[in-house]
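Taking it in order: structure first as structure tokens, then the write-up.
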Amino acid sequence: MNVTKIISIVLLIASLALGYYLVDSVKSEIDEKQLIADREAAVIEKLKLIREAETVYLEVHGNYTSDWNKLINFVKNGRYPIIQRKERVVTLSYGADSSIVTFDTLGIISAKERIFKATHNVNAANDGIFQKYLVAIGKEVKQGNQAYVLNQNGKDVTHKFRRNGTVTRQESLFEGQQVTKGDLLMTLEETKFDPNVDIDRLAYVPGYEDVKFDIYAAEVDKSGALVDVIEVVNPKPFDPTRKEDADAKNRKPLRFGSKTDVTTSGNWE
């Protein structure tokens, strides 16, 4: 074997090795980015759950809590009143329209049910004569699906769902029955979070065994009025480029809320 052939074989082997190294490096980088994306998706989902739990806690107790044990106990054992808001539009004697709003307590449910599931009332969009429902109880529907038909001023009008969910209840209405704008027609139930999530680990960042979210809740003075604020932050980002001193909010560690402003928005939104 002459020198030329030896050199050619050596170069071929080197080229193959370099090619493998480059492909493996690119694949490793892609795998690492996907791993970070997957872990951050899990963190965002946990932050959304914590945010919902804190929002419901505020509705019941009048304030947020920075005590994880209190929040966990509330999710597991708390109670929540279901209040129905109804609005009627009436015409006053001088011709102007006025809204009359009433509130009725329909019952009490568990805080976990309120947090993990959303109940959406489907109310009559206008005054009219009821014709028919276009879905059955137990049917899963999406926003934009056809919901019911009202005869309005002699014309049948099909109304659509504005939320996603499963139809759990329908009012007993007969064809030809008069309904008023705001009357309750149906109830939808939407599952927002995995019901099998471990509530006892609510405080822990997904992907770590012993890292807890940083949580802050307080009342702050805003223009002479005390308001409730909350902030929850992942203290140990999986993405090494996420820094507290980053100029862009969405490049800071994943979080929702603020220590100074009345907001619960997440920096991933």
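The values are calculated or read from the model by the stated rules, or taken from the named source; none is laboratory data. The shown structure was predicted, so the numbers you read here are calculated from the model rather than taken from an experiment. For neighbour counting, all protein chains shown are included, and Cβ atoms are generated from backbone atoms with ideal geometry for every residue, glycine included. Each accessible area value is taken on the protein alone, full model and side chains, heavy atoms only, with ligands, DNA and RNA left out. Shrake-Rupley method; radii C 1.70, N 1.55, O 1.52, S 1.80 Å.
Some notes on this structure:
- For the chain: accessible area per residue (Å², 1.4 Å): 62
- Principal-axis tilt of helix 3-61 within the chain, Cα atoms, nearest 10 degrees: 30
- When the residues LEU16, LEU58, LEU150 are ordered by accessible surface, computed with a 1.4 Å probe over the protein chains alone, the sequence from largest down reads LEU16, LEU58, LEU150.
- At R0 = 45 Å, FRET efficiency that the Cβ-Cβ distance of VAL157 and PHE193 yields, to 0.05: 0.80
- Rh by Kirkwood over Cα pairs, then Stokes-Einstein D for the stretch 46-115 at 0.692 mPa s and 37 °C, µm²/s: 231
- Relative contact order, percent, the chain [alpha-carbon distance under 8 Å, six or more residues apart]: 16
- Heavy-atom accessible surface of the chain: percent carbon and sulfur, 1.4 Å: 50
- The aspartates and glutamates whose alpha-carbon is closer than 15 Å to the alpha-carbon of LYS252, local same-chain residues fewer than 8 away aside, are GLU40, ASP214, GLU231, ASP239, GLU244, GLU269.
- Net +/- balance of residues flanking LEU202 in space, Cβ distance below 10 Å, scoring K and R +1, D and E -1: +2
- Across the stretch 241-269, the residues whose backbone nitrogen lies under 20 Å from the label position 7 Å along the beta-carbon direction of SER223 are 258-265.
- In terms of packing, defined here as the mean over residues of other Cβ atoms within 10 angstrom, the peptides 244-257, 42-55 line up highest first as 42-55, 244-257.
- The accessible-area ordering, largest first, of the residues ASP239, ASP38 stands as ASP38, ASP239, per a 1.4 angstrom probe.
- Relative contact order, percent, the stretch 184-243 [alpha-carbon distance under 8 Å, six or more residues apart]: 23
- The alpha-carbon of LYS259 sits under 25 angstrom from the alpha-carbons of these lysines, leaving out residues fewer than 8 places away in its chain: LYS46, LYS48, LYS70, LYS212, LYS222, LYS236, LYS243, LYS249.
- For the stretch 141-269, a/c is not less than 1.5, where a ≥ b ≥ c are the root eigenvalues of the C-alpha gyration tensor, and a/b tops b/c. That puts it in the prolate class.
- Relative to the compact-globule estimate of 2.2 N^0.38 Å, the Cα radius of gyration of the chain comes out at 1.51.
- For the chain, size of Cβ-based charge dipole, Lys and Arg +1, Asp and Glu -1, in debye: 480
- Stokes-Einstein diffusion coefficient of the stretch 91-212, Kirkwood radius over Cα pairs, 20 °C, 1.002 mPa s, in µm²/s: 124
- Counting only residues at least eight positions apart within a chain, or on another chain, the lysines with an alpha carbon under 23 Å from that of LYS86 are LYS117, LYS132, LYS160, LYS181.
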